[in-house]
Amino acid sequence: MTKRSTRRHCAVLDVPVDALAQAAAAGACSLNDAFLAAVLLGMAKYHRLHGAEISELRMTLPISLRAETDPMGGNRITLARFALPTDVDDPAELMRRVHATVDAWRHESAIPLSPTIAGALNLLPASTLGNMLKHVDFVASNVVGSPVPLFIAGSEILHYYAFSPTLGSAFNVTLMSYTSRCCVGINADADAVPDLAALTDSIADGFRSVLGLCAKTTDTRVVVAS
């Protein structure tokens, strides 16, 4: 996943919210930890399909900077870049490893200084920033969506997906909850990921591995839309 281009292609899959939350709880982790673990398990499989064994991947994760005193509306985020393991096969252990790393970054003392640092980086040539971002393998984000059905002109919305920017990485995977499902959108660089179907199926299998931790729910279907 080292090549880069301006061409993009997209894919989607659905995961049940309750099942993913139960899987996260089984590992004493958050839904975000379960989400990231599923992506990492999928990426390990995807690389094995290409004859590559990897121990970690570098990702970009949006971290909220909002405070209780901020006005409603809009976002205040920074982007943290760090490596996560891909050589852990056990979903529960992987979730715990992910949780420890993400939690450390959320409480990193330099995070509040990110806007100032970003202002300085914006003075650098675009080519320099582009080369820095090329070393990020993927971007992942999860967004809390509507827990109740939404409508447009009287017609019910069945699913909605976010196709977020790749920011110089190979692909962006964004999970957005909607009623009982997690709608997962994948926006991939066509040169970095020429076989999007294989990547999507691998990530779907990663979710299935994580959902295997569920003990109660009956709905653990991971649906890859055609």
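Figures for the structure shown
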{"item": "Residue-wise HN-Hα coupling along region 40-51, computed from phi with Karplus coefficients 6.51, -1.76, 1.60 (Hz; x: Gly, Pro)", "result": "5, 4, x, 5, 4, 5, 4, 5, 4, 4, 9, x"}
{"item": "Ile152, Ile157 arranged by Cβ crowding within 10 Å, fewest neighbours leading", "result": "Ile152, Ile157"}
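Quick note: the coordinates plus some simple rules give every number you see, no bench work behind them. Given the structure is predicted, the values throughout are model-derived calculations rather than measurements. All Cβ positions, glycine included, derive from the backbone under ideal geometry; neighbour counts span all protein chains shown.
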